[in-house]
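The values are calculated or read from the model by the stated rules, or taken from the named source; none is laboratory data. As the structure is a prediction and not an experimental result, all values here were calculated from the model. Virtual Cβ from ideal backbone geometry, glycine too; neighbours counted across all protein chains shown.
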Amino acid sequence: MNLNLSNQHTFFYGIDGCKSGWILAILERNSVGFELRFQLLSSLFSLKEHIDLSKLNSIWIDIPIGLSEKEERICDKQLRKALGKKGASVFTTPIRSAVYATSYQEASNLNFEQTGKKISIQSWNICPKIKQADEFLIQNSEFKPLFKESHPEYMFHSWHPNHFKSKKTEIGLIQRLEFLDSQLACFDVIDSFIKSHKRSLFAKDDVLDALALAFAAFQSNQQGVSYFGDGNFKIYFPIL
């Protein structure tokens, strides 16, 4: 990958959840361009084995960072509205007590008591990952200023509005891969990583989403960053 960049050595990370844990995309910026690599993590707690804090710029992740105690997060509402027809890809983040509940019924009831809304089974299914991210940042406070919550679907929408088909379709995957390859010349690295792992461990779109987040982290460093939300909870995206 050969982009004309200044003599600066920094890392930009993107993290997306998958069946077996998390996909970590690492964009290393050096004097000649970018080096890209991926890691499959079973837990966010193994992240420290792959992070060099002295050279780190930011970590963008597709998971709620910060949990409300009593009400729906404004950033979720704003992101859902901005995505229009694709807003269904934004799950409502359960309140903290619901995330830490021991059953779907308990979580749904707790959420309803505080917000007047029950949670979907899809929201409940990602609660273990929300909880893990919350626990990781509580126990590793040095990472908290570096983590930025973002949303890959909104990033692709921002890069090419109304262009990308659903990532669950072959054409949607191809469109996303072609875009990322046009920016980062990354096809071979992605192809090699996918082929070197069992298909049961993650989906192809998990890899593309992780890389999209890392690329968004780089763009925000170059062009500035904005966000959906208020002073409490934010979903970030680069200024394009």
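Computed values, structure above
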item: Selected residue (criterion: surrounded by the fewest Cβ atoms within 10 Å (Cβ to Cβ)) from residues of region 217-227 that are among the hydrophobic types (A, V, I, L, M, F, W, C) and either at pLDDT below 95 or assigned to a helix (DSSP H, G or I) (or both); result: 218
item: Where a residue in region 120-136 is at pLDDT 95 or above and its partner, wherever it lies, is part of a helix (DSSP H, G or I) and among the small types (Gly, Ala, Ser), with Cβ under 8 Å and at least six apart; result: 124/107; 124/108; 127/98; 127/107
item: First in region 35-59 and over 25 Å from residue 20 (Cβ atoms), second anywhere and modelled with pLDDT under 90 and surrounded by 14 or more Cβ atoms within 10 Å (Cβ to Cβ), Cβ under 8 Å, 6 or more apart; result: 55/10; 57/10
item: Those residues of region 21-47 which are out of contact with any helix residue (DSSP H, G or I) (no Cβ under 8 Å at 6 or more places or on another chain) and at negative phi, in sequence order; result: 28, 30, 31, 32, 35, 39, 40, 42, 46
item: Among the candidates 171, 190, 194, residue that is farther than 19 Å from residue 24 by Cβ and β-branched (Val, Ile, Thr); result: 171
item: Tally of residues being polar (S, T, N, Q) and either within 18 Å of residue 17 (Cβ to Cβ) or in contact with a Lys or Arg (Cβ under 6 Å, 6 or more places away or on another chain) (or both) across region 141-164; result: 1
item: Among (1) hydrophobic (A, V, I, L, M, F, W, C); (2) touching a strand residue (DSSP E or B) at 6+ places or on another chain (Cβ under 7 Å); (3) at pLDDT 95 or above - the single one residue 56 does not satisfy; result: (3)
item: Pairs with Cβ under 7 Å, 6+ apart, first in region 16-27 and more than 16 Å from residue 50 (Cα to Cα), second assigned to a strand (DSSP E or B); result: 20/40
item: Test result for residue 113, assigned to a helix (DSSP H, G or I), surrounded by fewer than 16 Cβ atoms within 10 Å (Cβ to Cβ), at pLDDT 95 or above and of a type in the set (Asp, Glu); result: yes
item: Where residue 36 falls short, out of the listed (1) buried (at least 19 other Cβ atoms within 10 Å of the Cβ); (2) under 16 Å from the mean Cα position of the chain (by Cα); (3) more than 30 Å from residue 108 (Cβ to Cβ); result: (2)
item: Residue tally, condition touching a helix residue (DSSP H, G or I) at 6+ places or on another chain (Cβ under 7 Å) and free of Cβ contacts under 8 Å to residues at least 40 places away in the same chain, over region 137-159; result: 1
item: Flag for residue 221 being closer than 28 Å to residue 72 by Cα and not small (Gly, Ala, Ser); result: no
item: Meets criteria (within 27 Å of residue 138 (Cβ to Cβ), crowded, with 19+ Cβ neighbours inside 10 Å and out of contact with any Ser or Thr (no Cβ under 6 Å at 6 or more places or on another chain)) for residue 63; result: yes
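Here's the yes/no breakdown for (1) under 12 Å from the mean Cα position of the chain (by Cα); (2) within 22 Å of residue 93 (Cα to Cα); (3) modelled with pLDDT under 95; (4) β-branched (Val, Ile, Thr):
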site: 193; (1), (2), (3), (4): no, no, no, no
site: 197; (1), (2), (3), (4): no, no, no, no
site: 201; (1), (2), (3), (4): no, no, no, no
site: 210; (1), (2), (3), (4): yes, yes, no, no
site: 215; (1), (2), (3), (4): yes, no, no, no
site: 229; (1), (2), (3), (4): no, yes, no, no
